[in-house]
Amino acid sequence: MTHRFGRRPLIAAALAAPLAARAQSDWPSRPVRVVISWPPGGGADIPMRLAAPAMQQVLGQPLVLENRAGASGSVGAGVVAQAAPDGYTTLADTAGGSVNHLLIPSLPYDFAKQLTPISQMVRSPLVCVVRADHPSRDLPALIERLRAAPGQIPYASSGVGTATHLAPALLLRRAGVTANHVSYRGGAASIAGILAGDAEFVFSTLPSATPLIHEGRLRGLAVSIAQRLPNLPDIPTVQEQGYPDFDVADWLGFYAPAGTPAPVIARLAEAAQAGMRDPNAVKRLGEIGMIPVGSSPAEFAAFFHDQRTRMGALILAEGIKVE
């Protein structure tokens, strides 16, 4: 009798395994929620909305896109970090997610432990812009203006520790000058601050800045990556203007809660890669200067670790923290 009843847990486990596998193979059976941790219209929102049609075709279910902005992306990331690991709640977050643990000590979750990388969606070059009537015509002129007023001239970012903050922080460090950082809630808000005259320059994501450069309301001074951008060919790179090896970009990552089954992660990655190969998405992203990536989970995990290490070192060196 003891032997017969002792086998029951083994039999139950054997029966449960095929059921679990079948449940994963049937995934998804309902819409998939994508929490975008930044406001509408910026460098996180636009790529996901462009990728969504192709992703939905792969998944066979709608994507429900939900903007949950705040605290440099940590509000939206927190929602997903604490969600059920069933693949039905996912996250789209920018580079800030890799370093927020150094900036916000009270975070109730550990991004690296509670979120699983699925795919790097895009690489997003930044462009340093000023208002069209600003006295600086190029980057060296802006640096000299900063040198003449140490720590006084305000510059904008879309949040503490974001790429739009770390790119100018690195430049200022390389140039040996200081400025007054003003943090905004998202890229659109930071551009509004420039146009209102509340800050003098910003390293902006391209979706927020490019239309206003073409309209003549903003002047582009420098591109943050090593190559000039096809849609802004007249704006030189930071490297061209005296800072060798300067190459900083924002990026958008796609994640699921840790513990999400590997087959589900693979299916989500397949959808993300399809989204970044979609001809319409590629064309539209190219028009605003964003670079589609669509990496594998393993590739994105390695990239995330590298960014967390390198940008984390800059944050510690500069003493950057959320006030």
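The values are calculated or read from the model by the stated rules, or taken from the named source; none is laboratory data. Fair warning: this is a prediction, and the values are worked out from it, not measured in the lab. Note that we place each Cβ from the backbone using ideal geometry, even for glycine, and neighbour counts take in every protein chain shown. Keep in mind that these areas ignore ligands, DNA and RNA; they rest on the heavy atoms of the full protein, side chains included. Shrake-Rupley method; radii C 1.70, N 1.55, O 1.52, S 1.80 Å.
If the condition is being among the small types (Gly, Ala, Ser), out of contact with any Ser or Thr (no Cβ under 7 Å at 6 or more places or on another chain) and open to solvent by less than 10 Å² (accessible area, probe 1.4 Å), then region 253-285 contributes GLY253, ALA271, GLY275, ALA281. Determine, yes or no, whether ALA169 is in contact (Cβ under 8 Å) with a residue 12 or more places away in the chain, open to solvent by 10 Å² or more (accessible area, probe 1.4 Å) and touching a helix residue (DSSP H, G or I) at 6+ places or on another chain (Cβ under 7 Å). Here the answer is no, as ALA169 does not meet what is asked.
Which is within 30 Å of ALA256 (Cα to Cα), open to solvent by 30 Å² or more (accessible area, probe 1.4 Å) and among the β-branched types (Val, Ile, Thr), of THR205, THR116? The conditions single out THR116. Please determine whether any residue of region 81-88 is of a type in the set (A, V, I, L, M, F, W, C) and either under 14 Å from the mean Cα position of the chain (by Cα) or closer than 20 Å to ARG284 by Cα (or both). No, the conditions are met nowhere in region 81-88.
Name every residue in region 233-254 that is more than 15 Å from ALA141 (Cα to Cα) and in contact with a Lys or Arg (Cβ under 9 Å, 6 or more places away or on another chain), in order of residue number. Residues satisfying the conditions are ASP234, PHE246, ALA249, ASP250, TRP251, LEU252. Among the conditions (1) open to solvent by 60 Å² or more (accessible area, probe 1.4 Å); (2) within 27 Å of PHE111 (Cβ to Cβ); (3) charged (D, E, K, R), the only one that ASP250 does not satisfy is (1). Residues in region 146-159 that are open to solvent by 60 Å² or more (accessible area, probe 1.4 Å), out of contact with any helix residue (DSSP H, G or I) (no Cβ under 9 Å at 6 or more places or on another chain) and either among the hydroxyl-bearing types (Ser, Thr, Tyr) or in contact (Cβ under 8 Å) with a residue 24 or more places away in the chain (or both): PRO150 only.
Restricting attention to region 24-45, which residues are in contact with an Asp or Glu (Cβ under 6 Å, 6 or more places away or on another chain) and either in a helix (DSSP H, G or I) or on the phi > 0 side of the Ramachandran plot (or both)? Across region 24-45, there are no qualifying residues. Considering only residues in region 179-189 that are under 14 Å from VAL160 (Cβ atoms) and over 16 Å from the mean Cα position of the chain (by Cα), the one that is surrounded by the fewest Cβ atoms within 10 Å (Cβ to Cβ) turns out to be ASN180.
Against the condition closer than 22 Å to ASP93 by Cα and polar (S, T, N, Q), how does THR178 come out, does it pass? Taking the combined requirement at face value, the residue does not satisfy it.
Applying a threshold of 6 Å to beta carbon distances and a minimum spacing of six or more residues, or different chains, the list of pairs starting in region 255-268 at a residue that is farther than 15 Å from VAL34 by Cα and ending at one that is assigned to a helix (DSSP H, G or I) reads ALA258/GLN114; PRO261/GLN24; PRO263/GLN24. When TYR184 is tested against (1) in contact with a Phe, Trp or Tyr (Cβ under 8 Å, 6 or more places away or on another chain); (2) at pLDDT below 95, exactly one condition is not met: (1). Restricted to region 41-74, and to residues that are of a type in the set (S, T, N, Q) and open to solvent by 20 Å² or more (accessible area, probe 1.4 Å), which residue is nearest to THR205 (Cα to Cα)? Step by step, filter region 41-74, then rank; the result is ASN67. Among residues of region 283-303 being assigned to a helix (DSSP H, G or I) and of a type in the set (Gly, Ala, Ser), the one that is nearest to THR94 (Cα to Cα) is ALA301.
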